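The values are calculated or read from the model by the stated rules, or taken from the named source; none is laboratory data. As the structure is a computational prediction, the values presented were derived from the model and not from experiment. Cβ placement follows ideal geometry from the backbone for every residue including glycine, while neighbour counts extend to all protein chains displayed.
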Amino acid sequence: MARVNAIQTNFTGGQISPRLFGRVDIESYRNSLKKLTNMVVYPQGGAGRRFGTMYVAEGKDSAASTDRKFRLVPFEYSDTNAYCLEFGHNYIRFYAQSAQVVSGSAVQVTTTYTDAQLDDLQFAQSADILYIVHRSHPPRQLVRNSATSFTLSDVVFVDGPYLDDNDTATTIASSATTGSVTLTASVAIFTASHIGAFFRITNSTTGYAKVTGFTDTTHVTATVVSTLGGTSAVTTWREGAFSIERGYPGCITFFEQRLCLAGSTHRPQTVWISKVDDYENFTPGANDDDPIPFTIAANKVNIIQWLSQARNSLFIGTVGAEWQVRGTSGAAITPGNVIVRQQTSEGSARIQPVPIKNALLFVQRGGEKMHEVTFDFLTDSFQAPDLTLLSEDITSGGITHFDAQRTPDPIVWAVLSSGTLAAITYQPDQKIQAWHAHTIGGVAGSATITVTDYANIAVGTDIVITKSNGDTVTFTSEVTSGAAPATTNGWRPNESNDTTADNIYTAVNAHSDFTVANPAANVVTITETQRLGTGPTALSISDTVRLVTTDETAAIVESIAVIPKDITAGIYVDQVWLGVKRTINGATKRYVEYIDSTLNTDSTLTYAGSSTSSLTGLAHLEGETVAVKVADAPQPDKIVSSAAIAISPAGASAQVGLPYTHTLTTLPPEFGAQAGAALSRLRRVHEVVLYLRASSGGLINSDSIIYRSSADDMGNALPLFTGTVRYTPDDSWDRDGNITISGTQPLPFNLTALIMGMNVSEG
C-alpha cells in the first residue's frame with residue numbers, strides 16, 4: 001500500500017466530457033473536473049460559487065395563455081448609458097441602471113415582431129441607433145431620443161440596394177418622370193407583394209421610384225424618389241433587392257464604416273454593403289466609397305447565417321462554410337478590390353457570433369459546438385477549432401443564444417435549448433478554456449401522471465417520487481377494486497382511467513410531503529408541500545406505458561444579454577441579464593433578472609434599513625420556499641405568504657431569493673504506482689485539505705465544512721474565511737478516490753486548490 005498526495009492547484013480545465021474519464025494522458029486532465037455546476041472558474045485558476053440573480057421585473061406577457069416568451073438584447077448607447085431591451089410579442093421594453101425604464105408606466109415601443117420570430121432577429125448598432133433585421137420584415141431602426149423616449153421606424157434606404165441589371169427583353173415605362181406615376185411592364189412581372197419595392201430605371205438619365213400600389217401584373221403605381229430620365233419603355237432597369245416579394249435581409253453588421261446586409265430569402269448568398277459613412281445609401285457606383293454588392297460563389301446554395309467583423313476583415317457564416325472578405329493587399333474594400341475566400345467548412349447556426357479576445361466565437365450549424373475563429377500564422381490562414389471538444393456533453397441539446405462577459409472576468413454565457421446555462425471561462429493567452437454548467441434557482445412545469453390504460457395496470461406497479469432534496473417516496477398499486485389499500489402508500493388500479501387517477505391522487509395527497517391537484521380527468525399533478533431542496537420534483541414508474549409521466553424541470557433560461565454598468569466613477573463591469581421562465585405558486589411566470597456579485601440566491605430582493613422582523617414586497621415569489629440571509633447569516637428557509645416572510649432574529653439587512661446548489665466533483669487522480677499506473681487501483685482518501693478564499697458554508701461528501709471554533713462569538717455570523725480547512729473522510733475504499741464539494745446555503749464559496757491524501761493499493 002502506498003501513501004500519496006494528489007494535488008490540484010487549479011481548475012482551468014473545467015468540467016470535461018465523460019468520454020475523457022480516464023484520459024490521464026491529455027494535458028488538461030490534471031486541471032479538470034468530473035462535475036462543475038453553479039461554480040465559475042476564474043482565470044487565476046480557482047473556482048467559486050456562481051453569484052445569484054437580482055429580480056427586476058416581470059415580463060409583459062409573463063403568464064399569457066399563449067405562452068409567449070421574450071428575448072433580451074443589449075443596446076450600448078455610450079460607456080455610461082447601456083440598455084437591456086425586452087423584445088416580446090409586438091413590443092419592446094427597456095431596462096437601464098439595473099431597473100426598468102419607466103415614465104409614469106413602463107416605457108414601451110410597438111413592433112410587428114411576433115414571439116415566434118424573436119430568435120431570428122439580428123442587430124447592429126451605431127451610437128443611438130439600433131438596426132434590426134428579419135427575413136420577413138423590412139429593416140428597421142430603433143432610435144434613442146432621450147433616456148425615456150425611443151422610436152422604431154423602417155429604414156429609408158437611398159437608391160437601393162438592387163438585384164442584378166435586367167438582362168431580358170422585358171421593358172418598363174413610366175407615365176411621368178416625377179410625382180405619382182404608373183409603371184407599365186411589357187410582360188407580367190408585378191405582384192401585390194412589390195408594394196414598397198424600388199425600381200431603378202435608366203432612360204437618358206437614371207432615377208428610381210418606390211411602388212405604392214398594385215393594379216395588375218403589368219401595372220403598378222409608384223412615387224418617384226429621384227427624377228426619371230424619360231417615359232419611354234426601356235430594358236435598362238433594376239428591381240430593388242428588398243420587398244415582400246423578394247424578402248428582406250436576415251443578417252447585418254458594420255464593417256469599415258459601412259452597413260452590411262445579407263441573407264435575404266431571394267438572394268441567400270448575396271451581401272450588400274453601403275456607401276462609406278452613409279449607412280442607408282446604396283446608390284450604385286464605381287468610386288472607392290460607393291456601395292459594394294457581391295454574391296458568394298459556392299458549389300451549392302449556402303444560406304448566409306450571420307455577418308461579423310474581426311481582425312480587419314468581414315466574416316460571413318453560411319450553412320456550409322465560413323468566409324473572409326477583405327480588400328487586396330490589406331487595403332480597405334472598394335467596389336473593385338473585394339476578395340472573398342472560404343476559410344473553414346464547419347457550417348454555422350443562425351446565431352450572431354460574439355467577438356472576444358481577438359477571436360470570433362460562433363455556433364456550428366448542429367447547435368451543440370462552439371468554434372473560435374483565430375488566425376494561424378504558420379498556415380497564414382484562419383482556423384476554427386472546436387471549443388467544446390473536451391466538454392461536448394455540457395452543450396448537449398444545442399445553444400440558442402450566447403453573449404460574452406469581458407470584465408471582471410472573460411466568460412462566455414450560452415443559453416441551451418434545455419433551458420440551462422453553459423459557460424466557458426475564456427482566456428486564450430493563458431490557454432484557459434474552462435466549461436461550467438449552471439442551473440437557475442426555481443422550477444418550471446409540473447410533475448404529472450397520466451393514466452392511459454387502467455385495465456392492464458398490474459398490482460405491484462410502483463410510482464417513485466423524487467423530492468427536491470433527492471429523497472424518494474414510493475407508492476404501490478395493491479388491490480384492484482373494492483377494499484381500501486392495506487398500506488399507507490397504496491392505491492387501487494383498474495377502476496377506469498379517471499377513477500384510477502383519483503385513487504393515485506388520494507394516496508399521494510395523504511402524504512404530508514406532497515400536495516396534489518384534484519385530477520383533471522385522468523391527469524394527476526403533484527407538487528411538494530414544502531420544497532426541501534433546489535431540485536425539481538421527478539417521477540419514475542415501473543409501467544411507463546399505462547402511466548405516462550412528466551417531470552418538473554429546473555427554471556428555464558430563455559435569453560441572455562450582457563451590458564456594461566458603471567459601478568463607480570469610470571469603473572465598469574459587465575452585467576449579465578437573463579430572461580427566466582418559472583412556475584411560481586402554480587402559475588407560469590417570466591422574469592427579467594441580472595447576475596449580481598453581492599448575491600447568493602436567485603430572483604433575489606434585498607433589504608437595507610432599520611432593524612425589522614418582517615420582509616415584504618415578495619409577490620414575485622408567492623408560495624415559494626426561499627432562502628434567507630440576514631446580516632450575512634443564513635436563517636432557515638421560509639415560505640412566502642401574502643408577499644412576505646417573518647425573520648428571526650430581526651436584522652437591518654437581508655437577502656431573500658430562490659436557493660440553488662453548487663457542486664464540484666474531482667476526477668480520479670492519476671499518479672505513478674510501484675507496479676504501474678494507479679488509475680484502476682483501490683484508493684482510500686484519508687485527508688482532504690482545501691485552500692479557500694472569502695468562503696463560508698459548504699459540504700465535503702455531505703459533511704459540513706467546519707469554520708467555527710470555541711473562540712468565535714456564537715451570536716454573530718462568522719466572517720468570511722480565507723485559509724486552509726482540513727477534513728477527514730470515512731474509511732471506505734473505492735477505485736475513484738474523488739470528492740464532492742457542494743453547498744446550498746446562500747453563502748459565498750471560493751476554492752483555490754485542494755490536496756487529497758490517500759492510500760493506494762499496490763495489487
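Having 2 or more residues that are under 25 Å from residue 440 (Cα atoms) and either modelled with pLDDT of 95 or more or in the same structural domain as residue 392 (by TED's automatic domain parsing) (or both) is the bar; report the strands (runs of 3 or more DSSP E) wholly within the range 1-51 that clear it.
Details: elements: 2-8, 32-37, 39-41, 47-49.
Output list reads 32-37, 39-41, 47-49.
Inspect all residues belonging to the range 573-586 and state whether any of them is aromatic (Phe, Trp, Tyr) and surrounded by fewer than 23 Cβ atoms within 10 Å (Cβ to Cβ).
First, pick out the residues of the range 573-586 that are aromatic (Phe, Trp, Tyr): 577.
Filter again for surrounded by fewer than 23 Cβ atoms within 10 Å (Cβ to Cβ), leaving none.
There is no residue in the range 573-586 that is aromatic (Phe, Trp, Tyr) and surrounded by fewer than 23 Cβ atoms within 10 Å (Cβ to Cβ).
Please note which strands (runs of 3 or more DSSP E) are completely contained in the range 66-168 and include at least 2 residues that are surrounded by 18 or more Cβ atoms within 10 Å (Cβ to Cβ) and of a type outside the set (Ser, Thr, Tyr).
Numbers: elements: 71-76, 82-88, 91-96, 108-110, 122-126, 129-134, 137-146, 149-154.
Where strands (runs of 3 or more DSSP E) fall fully within the range 66-168 and carry at least 2 residues being surrounded by 18 or more Cβ atoms within 10 Å (Cβ to Cβ) and of a type outside the set (Ser, Thr, Tyr), they are 71-76, 82-88, 91-96, 122-126, 129-134, 137-146.
Restricting the range 311-323 to residues that are in contact with a strand residue (DSSP E or B) (Cβ under 8 Å, 6 or more places away or on another chain) and surrounded by fewer than 21 Cβ atoms within 10 Å (Cβ to Cβ), which is modelled with the lowest pLDDT?
Narrowing the range 311-323 to residues in contact with a strand residue (DSSP E or B) (Cβ under 8 Å, 6 or more places away or on another chain): 311-319, 321-323.
Going one step further and asking which of them are surrounded by fewer than 21 Cβ atoms within 10 Å (Cβ to Cβ), we end up with 311-312, 319, 321.
Working: 311: 81, 312: 86, 319: 95, 321: 94.
Once the filter is applied, the top-ranked residue is 311.
When the range 1-40 is examined, which residues are found to be over 27 Å from the mean Cα position of the chain (by Cα), within 22 Å of residue 734 (Cβ to Cβ) and among the charged types (D, E, K, R)?
Once the filter is applied, which keeps residues that are over 27 Å from the mean Cα position of the chain (by Cα), within 22 Å of residue 734 (Cβ to Cβ) and among the charged types (D, E, K, R), the range 1-40 yields 3, 23, 30.
Of all residues in the range 1-27 being among the hydroxyl-bearing types (Ser, Thr, Tyr) and crowded, with 17+ Cβ neighbours inside 10 Å, which is nearest to residue 423 (Cα to Cα)?
At the first step, the residues of the range 1-27 found to be among the hydroxyl-bearing types (Ser, Thr, Tyr) are 9, 12, 17.
Checking which are crowded, with 17+ Cβ neighbours inside 10 Å leaves us with 12, 17.
Working: 12: 13, 17: 14 Å.
Step by step, filter the range 1-27, then rank; the result is 12.
Of the numbered conditions (1) over 25 Å from residue 439 (Cβ atoms); (2) modelled with pLDDT under 90, residue 533 fails exactly one; give the number of that condition.
The failed condition is (1).
Test each condition in (1) buried (at least 18 other Cβ atoms within 10 Å of the Cβ); (2) touching a Lys or Arg at 6+ places or on another chain (Cβ under 7 Å) for residue 223 and report the one that comes out false.
(1)
Rundown of residues vs (1) on the phi > 0 side of the Ramachandran plot; (2) hydroxyl-bearing (Ser, Thr, Tyr); (3) surrounded by fewer than 20 Cβ atoms within 10 Å (Cβ to Cβ), yes/no style:
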position: 600; (1), (2), (3): no, no, no
position: 615; (1), (2), (3): no, no, no
position: 622; (1), (2), (3): no, no, yes
position: 629; (1), (2), (3): no, no, no
position: 648; (1), (2), (3): no, yes, yes
position: 684; (1), (2), (3): no, no, yes
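Based on this model, can you work out whether residue 199 counts as of a type outside the set (Val, Ile, Thr), under 26 Å from residue 249 (Cβ atoms), touching a residue at least 40 places away in the same chain (Cβ under 8 Å) and assigned to a strand (DSSP E or B)? Can you show your working first?
On the way: of a type outside the set (Val, Ile, Thr): yes; under 26 Å from residue 249 (Cβ atoms): yes; touching a residue at least 40 places away in the same chain (Cβ under 8 Å): yes; assigned to a strand (DSSP E or B): yes.
In short, yes.
For the range 410-430, how many residues meet the condition of being of a type in the set (Ser, Thr, Tyr) and under 15 Å from residue 374 (Cβ atoms)? Lay out the reasoning, then the answer.
So the first thing to find is which residues in the range 410-430 are of a type in the set (Ser, Thr, Tyr), and the list is 417-418, 420, 425-426.
Keeping just the survivors that are under 15 Å from residue 374 (Cβ atoms) gives 426.
Total satisfying the criteria: 1.
Return a yes/no flag: does the range 260-267 have any residue that is in contact with a Ser or Thr (Cβ under 9 Å, 6 or more places away or on another chain) and at positive phi.
Yes, the conditions are met somewhere in the range 260-267.
Which residue out of 177, 215, 184 is more than 22 Å from residue 140 (Cα to Cα) and not in a strand (DSSP E or B)?
Numbers: 215 fails: not in a strand (DSSP E or B); 184 fails: not in a strand (DSSP E or B).
Selected residue: 177, the only one of 177, 215, 184 that is more than 22 Å from residue 140 (Cα to Cα) and not in a strand (DSSP E or B).
Could we say that residue 282 is under 22 Å from residue 240 (Cβ atoms) and surrounded by fewer than 22 Cβ atoms within 10 Å (Cβ to Cβ) here?
Values: under 22 Å from residue 240 (Cβ atoms): yes; surrounded by fewer than 22 Cβ atoms within 10 Å (Cβ to Cβ): no.
Spelling it out, it is not the case that residue 282 is under 22 Å from residue 240 (Cβ atoms) and surrounded by fewer than 22 Cβ atoms within 10 Å (Cβ to Cβ).
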